[in-house]
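None of the figures in this text is laboratory data; all of them are computed from the coordinates on show. Predicted model only: the values in this text are computed from it and were never measured. Counting neighbours? That spans all protein chains shown, and the Cβs are built from the backbone with ideal geometry, glycine included.
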Amino acid sequence: MHLDHSHDSAMAVSADAARPDGTKRALRIGLGGPVGSGKTATVAALCRALREELSIAVVTNDIYTREDAEFLLRNAVLPPERIQAVETGACPHTAIRDDISANLEAVEDLEDAVGPLDLILVESGGDNLTATFSKGLVDAQVFVIDVAGGDDIPRKGGPGVTTADLLVVNKTDLAPYVGSDLGRMARDAKAQRGELPVAFTSLTAENGVKPVADWVRTQLAAWSA
Ligand SMILES: Nc1nc2c(ncn2[C@@H]2O[C@H](COP(=O)(O)OP(=O)(O)O)[C@@H](O)[C@H]2O)c(=O)[nH]1
Ligand SMILES: [Mg+2]
């Protein structure tokens, strides 16, 4: 699927919480953040951690390829019919923030094809620190940064770091090697985010995704209530 940039970006698409039959649709969670911070690795780990208890599907956004989807397929984190790729063309943030039509179509196709679903994860194409998801596409968003990108990223702020429903600081295992101060990152994140949660993860560790999986479970409980 390819994004048509000629769409009218001002056209708001409602994120209707109900399916046509009146039942509640899947919770949609977006994962954004810089290239290489660990978004695909987080999606893979979440699928492994939650697939026994939840019905899950994934939408990936790559600029020109289907690589993230192919990684998830190769690693068999979900059956192939539960993974859809959107090719976004030159601007990955457009596809999740302005013209969300291709992503909405992917999400709805998945619900139709393999639903009912509990959870749909939407991974954005890697971007800079400013990309956020439209509230018309996802119900909650996770922003993934990593310690190797520099321990001053939380201090620098930006909409992802400041407003995401969950900030993930990934690759804590690399902190000693790159001289990142996790305490400083935690204090800066707190200053930017107030009470909004922050999870420190290392996906190389056994069950390293647990803080994120637990947050997803809490979101889902609130969504279904
Ligand atoms: N050491 C370490 N490497 C990680 C961790 N999480 C992801 N990676 C690696 O970082 C690279 C980029 O991860 P990926 O999930 O593709 O990043 P994305 O571009 O944000 O989707 C891959 O080689 C991953 O294996 C982590 O917690 N620790
Ligand atoms: Mg990725």
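A few points about this structure:
- Relative to the dominant Cα principal axis of the chain, helix 182-193 is inclined by about 50°.
- Formal net charge of residues neighbouring residue 111 (Cβ-Cβ distance under 15 Å; K, R +1; D, E -1): -4
- Stretching residue 163 away from residue 210 to a fully extended chain increases their span by 14.8 nm, per 0.36 nm per residue minus the current alpha-carbon distance.
- Volume per residue of the C-alpha convex hull in the chain, rounded to whole Å³: 120
- Cross-link partners of residue 24 among aspartates and glutamates (Cα-Cα below 19 Å; sequence separation of 8 or more within a chain): 16, 53, 105, 108, 109, 111, 112, 118, 139
- Only helices enter this figure: runs of n ≥ 4 DSSP H residues, each worth -39500 (n - 2.57), summed and divided by the residues of the chain, yield -10000 deg cm²/dmol at 222 nm to the nearest 500.
- Normalising the average separation of contacting C-alpha pairs (under 8 angstrom, six or more residues apart) by the number of residues puts the relative contact order of the stretch 81-211 at 20 percent.
- Cut-off 14 Å between beta-carbons: net charge of the residues surrounding residue 71, Lys and Arg +1, Asp and Glu -1: -1
- The chain: angle of helix 39-50 to the longest principal axis, Cα-based, in degrees nearest 10: 70
- With Cα atoms, 0 to 90° folded angle of helix 210-224 axis to the chain main axis: 40
- Using the Cβ-Cβ distance between residue 21 and residue 177 with R0 set to 41 Å, the FRET efficiency from 1/(1 + (r/R0)^6) comes to roughly 0.20.
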